[in-house]
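Worksheet: one structure, shown below.
The values are calculated or read from the model by the stated rules, or taken from the named source; none is laboratory data. Keep in mind that what you see is a predicted model, and the values were worked out from it rather than measured. Neighbour counts run over all protein chains shown; Cβ positions are idealised from the backbone, glycine included. Just the protein is used for accessible areas: all its heavy atoms, side chains included, with ligands, DNA and RNA removed. Shrake-Rupley method; radii C 1.70, N 1.55, O 1.52, S 1.80 Å.
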Amino acid sequence: MNDLLQSPTRRQLLSMIGKTAGATAMYQAMTTLGFASESSFKEEMNLKGAPAGASIVILGAGLGGLTAAYELRKAGYKVTVLEYQNRGGGRSWTLNSGDKYTELGGAEVTCDFEKGNYFNGGPWRLPIHHYAVFHYCKKFGVALQPFIQNNDRAYLHRTNHFNGAPQRLGEVQNDIRGYVSELLSKAVNKGSLDSTVNKEDKEKLLEGLKGWGVLDTNYRYVKSHETGKHRGYSVYPGGGLMPDAKPSTPIPMNKLLDSGMWSDIYSNYTVHVHQPTMFQPVGGMGKIGDAFTRECREMIIFNAKVTNINQDETGVTVDYVDSNSPDGAAKTV
Ligand SMILES: Cc1cc2nc3c(=O)[nH]c(=O)nc-3n(C[C@H](O)[C@H](O)[C@H](O)COP(=O)(O)OP(=O)(O)OC[C@H]3O[C@@H](n4cnc5c(N)ncnc54)[C@H](O)[C@@H]3O)c2cc1C
């Protein structure tokens, strides 16, 4: 533990962030540190020059290991992949309805959700710049579909606010934008920003805020047919003998500010790596793991837990425990 506090490795640091603040924070940290940055992939790899008879052992049949295996085999190497689990894909993995899974601590998980539903145990979204992943999905016939990152009709819950009643994301977003526009317009009109914004820009800003925040002619964000068009109606517009449309009532500003709902919604979902449009494999992220596993099947030894890596001037050997064999024999490649 002392060592860890003194000089954590990158992996340990990210793992600590993940354990204390959750996977989202960890991914955010990866992005900030540049480990989740835009892919530099441009075109299919064309590795060449494997020395005759050279062999390579790859540890782990995650997408990293299997990509390396796939490309190195093409380059002429004899490749062996040692994988601890009984399946490939690593974290790129999907649990389907009816699946059972034993957690590391021994807990049995049964996926008793409805048929057709699934749960991605690890990654779930393909940001638009994951060019290499898109390349392999196309090559291996993995069907992709758009990933819905934001759902304005989704509900936000805060037990201690709004008497526990859920609020629609779209309504919260529209209201906070409206109130911020109103407050900023007030500041501009009172001259509070005169030292930072010149006369011409003030006019442009006010005009923009009016449209952006759906403000009335007095720069106020108040219930109107215009706000109804954006945040919805209590009585929706109809035709013929149907009653007149009634716009819904914005959440009062003090309640919205107090709830904190408005500030949290922007923290993760608007970062550039999550900008729409993102994609996902039809049927879950495990489809990518399955496709790589199919393409690399002959190279993989499953249920092989690597225990030691030895290197000397004659080469590298890897020890693993083979749980395929009845006595869990130790083997070396
Ligand atoms: C909760 C979560 C959400 C994420 N969300 C996203 C996302 O939305 N989009 C995205 O692009 N990325 C996301 N990521 C990151 C993404 O999952 C990883 O970058 C990617 O899966 C890493 O692939 P890999 O092959 O390097 O490692 P892994 O997939 O971890 O593969 C490592 C493999 O090595 C095997 N192994 C480990 N130890 C041994 C051993 N001793 N002997 C033999 N085999 C061993 C493991 O069983 C595993 O199969 C997320 C990650 C997590 C955890």
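Tell me which chymotrypsin sites (Phe, Trp or Tyr not before Pro) from the range 265-323 have a DSSP coil assignment and no more than 14 other beta carbons within 10 Å of their own.
On the way: sites: Tyr266, Tyr269, Phe279, Phe292, Phe302, Tyr320; in loops: Tyr266, Tyr269, Phe302.
Here the chymotrypsin sites (Phe, Trp or Tyr not before Pro) that fit, given the DSSP loop and packing criteria, are Tyr266, Tyr269.
Using the eigenvalues of the Cα gyration tensor, what equivalent ellipsoid semi-axes result for the chain when each is taken as the square root of five times the eigenvalue, whole Å, largest first? Working shown, then result.
Details: eigenvalues 546, 116, 88 Å².
Equivalent ellipsoid of the chain: 52, 24, 21 Å, largest first.
Cα to Cα, under 23 Å, and not fewer than 8 places away if on the same chain: which lysines meet these conditions relative to Lys139?
Result set, ordered by chain and number: Lys42, Lys48, Lys74, Lys78, Lys287.
Enumerate the lysines that Lys202 could reach by cross-link, defined here as Cα to Cα under 29 Å, with residues fewer than 8 away along the same chain left out.
The qualifying lysines are Lys186, Lys190, Lys210, Lys223, Lys229.
Let me spell out the model: positive unit charges on the Cβ of Lys and Arg, negative unit charges on the Cβ of Asp and Glu, origin at the Cα centre of the chain. What dipole size does that give, in debye rounded to 20? Walk me through the intermediate numbers first.
Details: 36 positive and 33 negative charges, 128 e Å.
Dipole magnitude for the chain comes out near 620 debye.
Quote the Stokes-Einstein diffusion coefficient, in whole µm² s⁻¹, for the range 62-196, based on the Kirkwood radius over alpha carbon pairs, a temperature of 10 °C and a viscosity of 1.306 mPa s.
Numbers: Rh = 20.6 Å.
Roughly 77 µm²/s, to the nearest whole number.
With a 1.4 Å probe and every protein chain left in place, work out the accessible area per residue of the range 138-272 in Å², rounded to a whole number.
Ligands and nucleic acids excluded, the figure is 64 Å² per residue.
So what is the calculated 222 nm ellipticity per residue for the chain, using -39500 (n - 2.57) for each DSSP H run with n of 4 or more, over all residues, to the nearest 500 deg cm²/dmol?
Values: 11 runs with 115 residues, N = 333.
One gets -10500 deg cm²/dmol as the mean residue ellipticity at 222 nm.
With bins 10 Å wide starting at 0, give me the P(r) of the range 190-245 over every alpha carbon pair, in whole percents.
Histogram of Cα-Cα distances, whole percents per bin: 20, 36, 23, 13, 7, 1.
To the nearest 20 debye, what is the magnitude of the charge dipole of the range 283-327 about its Cα centre, counting +1 on the Cβ of each Lys and Arg and -1 on the Cβ of each Asp and Glu? Please list the in-between numbers first.
Details: 4 positive and 8 negative charges, 76 e Å.
For this selection, approximately 360 debye.
With the dipole of the range 159-267 worked out from charges on the C-beta (+1 for Lys and Arg, -1 for Asp and Glu) around the Cα centre, which of Thr249, Gln173, Gly191 lies farthest toward the positive end?
Value: Thr249.
If I take the Cα coordinates of the range 159-267 and project them onto the principal axes, what are the three extents in Å, biggest first?
51, 40, 21
On the accessible surface of the chain, probed at 1.4 Å, how many percent belong to carbon and sulfur atoms? If you can, show how the numbers build up before the last one.
Working: 11190 of 20710 Å².
Carbon plus sulfur share of accessible area: 54 percent.
Rounded to two decimals, what is the ratio between the C-alpha radius of gyration of the range 191-333 and 2.2 N^0.38 Å?
Values: Rg = 31.0 Å, N = 143, 2.2 N^0.38 = 14.5 Å.
Taking the Cα Rg and dividing by 2.2 N^0.38 Å, one obtains 2.14.
Would you look at the GNM of the chain, springs on alpha carbons closer than 10 Å, and say which of Lys190, Lys48, Lys78 moves the most?
Maximum among the listed residues: Lys190.
Of the chain, which part is the longest with no GluC sites (Glu not before Pro) in a loop (DSSP not H, G, I, E, B) and with at most 15 other C-beta atoms within 10 angstrom? Intermediate values should be presented prior to the final figure.
Values: sites that count: Glu38, Glu43, Glu44, Glu103, Glu114, Glu313.
The reported range is 115-312.
Nothing charged except the Cβ atoms of Lys and Arg (+1) and of Asp and Glu (-1): what's the magnitude of the dipole of the range 188-252 about its Cα centre? Round to the nearest 20 debye. Kindly include the intermediate steps, with their values, before the conclusion.
Working: 10 positive and 8 negative charges, 41 e Å.
Around 200 debye, computed over the range 188-252.
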